[in-house]
Amino acid sequence: MGKSRVVTVSVTKTSTEVTIRLTRYDGTPGSINVVGTLYVAGTTRILRGKTIQLLIGGAPGGTTTTDFFGKYKFTFVVSAQRYSFQAKFPGDASYESDWSPIVIGEYSKIGTNLSIDVNPTFGDAPLAVTITGRLSRDDTTGGLGGLTVDLYRNDVKIKSMVTKTSTPLGIYEFHDTISAVADYHVYFSGNTQFEGCEAADGASVPDGEPPDDEEPPTPPPTGIGAGAVLLALLVLSQE
């Protein structure tokens, strides 16, 4: 019997191209989409049902599959920092692997604002006081509901509450009772998306009199007393 021949079969894989883009490259933290398409390289032919890996800062960030149109999407929640994103098609028996370009996203915290209103600011002791206000975002002035605001009396934290999620959004309301002068301020510590802020109000005085914010009256001039002035005027009127 003759020897069998060795037949070498080489399979040429088709090259591919992965695209990538972000729905928001900069601005504020929150949900963004990392999207793109897998093509046969140099063509408009898309590849369906192929695995795409997401790398965030070079580390694995998730895996998905291209849809009927060859597209993929990752939804990712970014904080206030700088990110690099890259997509990879690992290849298979028929198609070569490919890496997308690296895209950069930079995100900053949103500024916030707190208002405060204390009422009443004076009255008989013990004085029941209501402290109200609203937490809002600087960029849109929209209210921020579901976030914690702290109340301080004379620089000591006494209460905390979550801002209202119903209309009007972001409202808070504290109640307190005092028997001595109190200075109030409210504080929002911030989070990964929003910067912290605070607001203060004037003193509340529980003695039945409004706080005196005016300059004290100027005392009469020293030297000649009031009686001497009246006597001089009387003498002059009789001349």
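Here, each number is a calculation from the coordinates, and none is a lab measurement. Just so you know, these numbers come straight off a predicted model, no measurement behind them. Because the Cβ atoms are built from the backbone with ideal geometry, glycine has one as well, and the counts that use them run over all protein chains shown.
Numerical summary
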{"quantity": "Lys/Arg +1, Asp/Glu -1 at C-beta; segment 112-204 dipole; positive extreme among Ala203, Leu169, Val118", "calculated": "Leu169"}
{"quantity": "At most 16 other Cβ within 10 Å, DSSP loop - chymotrypsin sites (Phe, Trp or Tyr not before Pro), segment 33-134", "calculated": "Phe68, Phe69"}
{"quantity": "Partner lysines for Lys73 [C-alpha distance under 26 Å; skip if fewer than 8 residues away on the same chain]", "calculated": "Lys13, Lys50, Lys88, Lys109"}
{"quantity": "Mean-position separation - Cα centroids, segment 147-169 and segment 83-97, in angstrom", "calculated": "49 Å"}
